[in-house]
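Report on one structure; see the data block that follows.
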Amino acid sequence: MSVTARNHYCNLAIRVASSADKDLIFKWRNSRFLVSLGSSQKKVSKKEHSAWFDKIITRNDTHILILLKNNEPIGQLRFDGASSSKYIVTIYLVESCVGKGYGSWFLKEGLELVTSLDGEAQFEAIVNETNVISLKLFKKLGFIPSELKHFQTINGINSIRLVRYGDNSQYFEFNELIKFYKNNVRNYASDVGSLGWGSEASQTKRFEILSKIGNIQGSKILDVGCGLGDFGHWLNEQGYECAYEGVDISEEMIRQARLKYPSFRLEVRDILSLKNVNSQYSYVFASGIFNRKINNHEKFIYCMIRKMYQMARIGVAFNVLSLRADFKNRDEYYADPDRLISLCETISNRVVLNHDYMNHDFTIYLYR
């Protein structure tokens, strides 16, 4: 029974469960405290538990971890393989150890362990809506209410379905998006039309709002989906002396941007494929990258924001088309401001919405 992680400050350790834990897990599962918080709110028989445990302990797609406090078992964390690279997460601690921060460390370490084994891992949890402690715990670790079904009713009990997405870009199909902008560049060259903007004035207004995130003078900036690099040029025109870098998944865009602004540092790059980013930029910006629909669009937005946040030392600013727009194009994505704010709050507890500059567009700032 190998130890996978230790927290010396709290005398915590994590080990992999074994067949010897069958009776312990049965005892925990049927405790009055845990039954009251469960989605089914029912006890299980010894026979039911034994059949389930004997089957699950040998499965290669299931990981069961035990949390120890001073070498005494105090909780379980289980990752059940639901499908390829998708896991159902279950966590609980004994009542005397709840609310002390142990669960947060336990879940964080467990998620990192499974992700190290399966880099494309996605996670899902079903939580009783009255279990405030668990809901808060999962939210803290990046779980969000599913966009497909916020609630599931199990035996008459309302439960919230939560999901946590990985950062792997293989979730998304960018070919059509790349093709769209490639054609635009050919048709419009260095004009704002190649970016899909209606006018230079609307592009400039978005730049102005993005720049209001804070004091960006002298900062190191990354422009994600930089297109032609116009944001860097606008910053220079406004007198900002910033170390500007731009990245885009479109080779055509970057090629044209380098011709337009040869002094800028511009690269073809998908930031979702980057590892160990470690907050190397003061601010990370994105303007217009979420406007064109792709598959799993909300998941794409969330994963991008989370990666951008990981890359930023001070803050992130991005804009998106609003669901409250008076007109809509079927090929464009319009976000619900309330829901997007809720998603962002699972990443940062300092989030600001600006929806007063256009009725069909809004900007969000996330701060460290």
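Could you tell me how many degrees, from 0 to 90 and to the nearest 10, lie between the Cα long axis of helix 297-311 and the main elongation axis, the longest principal axis, of the Cα atoms of the chain?
For helix 297-311, the angle is close to 90 degrees.
What number, in percent, do you get for the relative contact order of the chain if the mean sequence gap of Cα pairs under 8 Å and at least 6 apart is divided by its residue count?
11
With an 8 Å cut-off on Cα pairs and a minimum separation of 6 or more residues, tell me the relative contact order of the stretch 3-164 in percent.
Answer for the stretch 3-164 is 19 percent.
For the stretch 289-312 and the stretch 33-83, what is the separation of their Cα centres, given in Å?
Cα centroid to Cα centroid, the span is 34 Å.
Restricting to the chain, what percent of DSSP beta bridges are antiparallel, rounded to 5?
Approximately 70 percent, going by the DSSP bridge assignments.
Specify which labelled value, from (1) 66, 45, 37; (2) 100, 39, 34; (3) 70, 42, 33, agrees with Cα extents along the principal axes in Å derived from the coordinates of the model shown.
(3)
For a footprinting-style exposure proxy, rank 21, 356 by other Cβ within 10 Å, fewest first.
Ascending number of Cβ neighbours within 10 Å: 356, 21.
Could you tell me whether the stretch 3-164 comes out rounded, prolate or oblate from its Cα gyration tensor? Rule is a ≥ b ≥ c as square roots of the eigenvalues, rounded for a/c under 1.5, then prolate if a/b exceeds b/c, otherwise oblate.
In terms of gyration-tensor shape, rounded.
Rank 259, 12, 65 by mean-square fluctuation in a GNM of the chain with C-alpha springs under 10 angstrom and give only the top-ranked residue.
259
Would you work out the Kirkwood radius for the stretch 240-368? I mean one over the mean of 1/r across all pairs of different Cα atoms, in Å.
This gives a value of 15.7 Å.
What is the helix-to-structure angle for 46-56, meaning the angle in degrees between its Cα long axis and the longest Cα principal axis of the chain, kept from 0 to 90 and rounded to the nearest 10?
It works out to around 40 degrees.
Under the rule of -39500 (n - 2.57) per DSSP H run of 4 or more residues, summed and divided by the residues of the chain, what mean residue ellipticity at 222 nm is obtained, to the nearest 500 deg cm²/dmol?
That comes out to -9500 deg cm²/dmol.
How far is helix 200-211 tilted off the main Cα axis of the chain, in degrees rounded to 10, range 0 to 90?
Helix 200-211 sits roughly 50 degrees off the main axis of the chain.
Please compare each pair in 100/139; 220/307; 179/293; 220/299; 179/307 to a cut-off of 20 Å on the Cα-Cα distance and tell me which ones are over it.
220/299; 179/307, as the Cα separations exceed 20 Å there.
Give me the percent relative contact order of the stretch 315-368, please, defined on Cα pairs under 8 angstrom at least 6 residues apart.
Normalised by residue count, the contact order of the stretch 315-368 is 48 percent.
Values quoted throughout were computed directly from the atomic coordinates according to the rules given, and no laboratory measurement underlies them. All figures in this text were calculated on a predicted structure; none of them were measured in a lab. Glycine gets a Cβ as well: all are built from the backbone with ideal geometry, and neighbour counts include every protein chain shown.
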